[in-house]
1. Restricting to segment 146-170, name every residue that is of a type in the set (A, V, I, L, M), surrounded by 15 or more Cβ atoms within 10 Å (Cβ to Cβ) and part of a loop (DSSP other than H, G, I, E, B).
2. Can you say whether P151 is outside the structural domain of G109 (by TED's automatic domain parsing) and more than 30 Å from E78 (Cα to Cα), as far as the supplied structure shows?
3. Of everything in segment 148-164, what is under 15 Å from L186 (Cα atoms) and either of a type in the set (S, T, N, Q) or free of Cβ contacts under 8 Å to residues at least 60 places away in the same chain (or both)? Give them in sequence order.
4. Out of segment 63-121, which residues are β-branched (V, I, T) and part of a loop (DSSP other than H, G, I, E, B)?
5. Taking the criterion of being among the polar types (S, T, N, Q), surrounded by 13 or more Cβ atoms within 10 Å (Cβ to Cβ) and out of contact with any Asp or Glu (no Cβ under 8 Å at 6 or more places or on another chain), would at least one residue in segment 205-212 satisfy it?
6. For I212, all conditions in the list (1) more than 22 Å from the chain's Cα centre (by Cα); (2) outside any strand (DSSP E or B) hold save one; what is the number of the exception?
7. Restricting to segment 60-69, name every residue that is surrounded by 15 or more Cβ atoms within 10 Å (Cβ to Cβ) and of a type outside the set (A, V, I, L, M).
Amino acid sequence: MVLHARHFFASLLLAGMACVAAAAPVSVSPVSVKLDPATDVGNLRVGNPGDTPAAVEVEVVRVKIQLGGQEQYEPASEFLITPPAFKLPPGETRLLRFRHTGKRTAMEGVYRIFVRQLPDRSGTGISFAVNIGVPVFVAPTTSQPALALLPLPQGAQLRNSGNVTVTVQQLEGAGCTEPVKVSTRLFPQQTVMVPAVPANCASTAQSDKGSIPLTPDRP
């Protein structure tokens, strides 16, 4: 039988698509979870869009932000997860339940729940580990968003001086001809570099916590 070139390449494409579909990694939703003071319980949905069973393990770690902005992970015993490990059949979804059992403090707790799909040793599924880290924010006893700004010779330093995570969209003020776009998320006490801010410009930050006054920061 003669196989024309276009049919040959079409067959290769279909075969490749079939392999991708068969070895699709698990999906996790939502992409982040906030536990407000009124609740200690949350859920994640883990789905298997592939054609082979997926072996899944779950781990919770505490997140510490280093000076350079990198995340450092520590073991976290203040969470209960059900189930901590399971096998997910093809095309099915599993509800993952978790509960925060620790005490609320004056500072927001930042964690990641890692949903880890293990490699399939049979050779029919995922051949490498897939790690999906969902951030979990445990609200403090009282939320106090605050931001501090330090102008520098090149750019400016924006610091989250409050006790909750803040997503900042822009800086603005009476002296600004236009807002300074920043679009950044800061964990409590985290510092990031932002574009240069004109003198007497930025007095307020617009964020997911509303308008936050900017205070002068120390060098």
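The values are calculated or read from the model by the stated rules, or taken from the named source; none is laboratory data. Just so it is clear, the structure is predicted and the values come from calculations on it, not from any experiment. Using ideal geometry, Cβ is built from the backbone for each residue, glycine included, and neighbour counts are taken over all protein chains shown.
1. A146, V164, listed by residue number.
2. On the way: outside the structural domain of G109 (by TED's automatic domain parsing): yes; more than 30 Å from E78 (Cα to Cα): yes.
When the stated conditions are applied, P151 passes them.
3. Residues of segment 148-164 under 15 Å from L186 (Cα atoms): 148-149, 156-164.
Result: A156, Q157, L158, R159, N160, S161, G162, N163, V164.
4. Taking segment 63-121 first, the residues β-branched (V, I, T) are 63, 65, 81-82, 93, 101, 105, 110, 113, 115.
Passing the criteria: T101, T105.
5. Narrowing segment 205-212 to residues among the polar types (S, T, N, Q): 206-207, 211.
Now restrict to residues that are surrounded by 13 or more Cβ atoms within 10 Å (Cβ to Cβ): 206-207.
With out of contact with any Asp or Glu (no Cβ under 8 Å at 6 or more places or on another chain) added as a condition, the list becomes 207.
Yes: segment 205-212 contains one or more residues that are among the polar types (S, T, N, Q), surrounded by 13 or more Cβ atoms within 10 Å (Cβ to Cβ) and out of contact with any Asp or Glu (no Cβ under 8 Å at 6 or more places or on another chain).
6. Among (1) more than 22 Å from the chain's Cα centre (by Cα); (2) outside any strand (DSSP E or B), I212 violates only (2).
7. Of all residues in segment 60-69, those surrounded by 15 or more Cβ atoms within 10 Å (Cβ to Cβ) come to 60-63, 65.
Across segment 60-69, the qualifying residue is only R62.
Yes/no per residue for (1) of a type in the set (K, R); (2) touching a residue at least 60 places away in the same chain (Cβ under 8 Å); (3) buried (at least 17 other Cβ atoms within 10 Å of the Cβ); (4) not assigned by TED's automatic domain parsing to the domain that holds N131:
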residue	(1), (2), (3), (4)
V58	no, no, yes, no
E71	no, no, no, no
P75	no, no, no, no
P84	no, no, no, no
P89	no, no, no, no
E92	no, no, no, no
L95	no, no, no, no
F98	no, no, yes, no
T101	no, yes, no, no
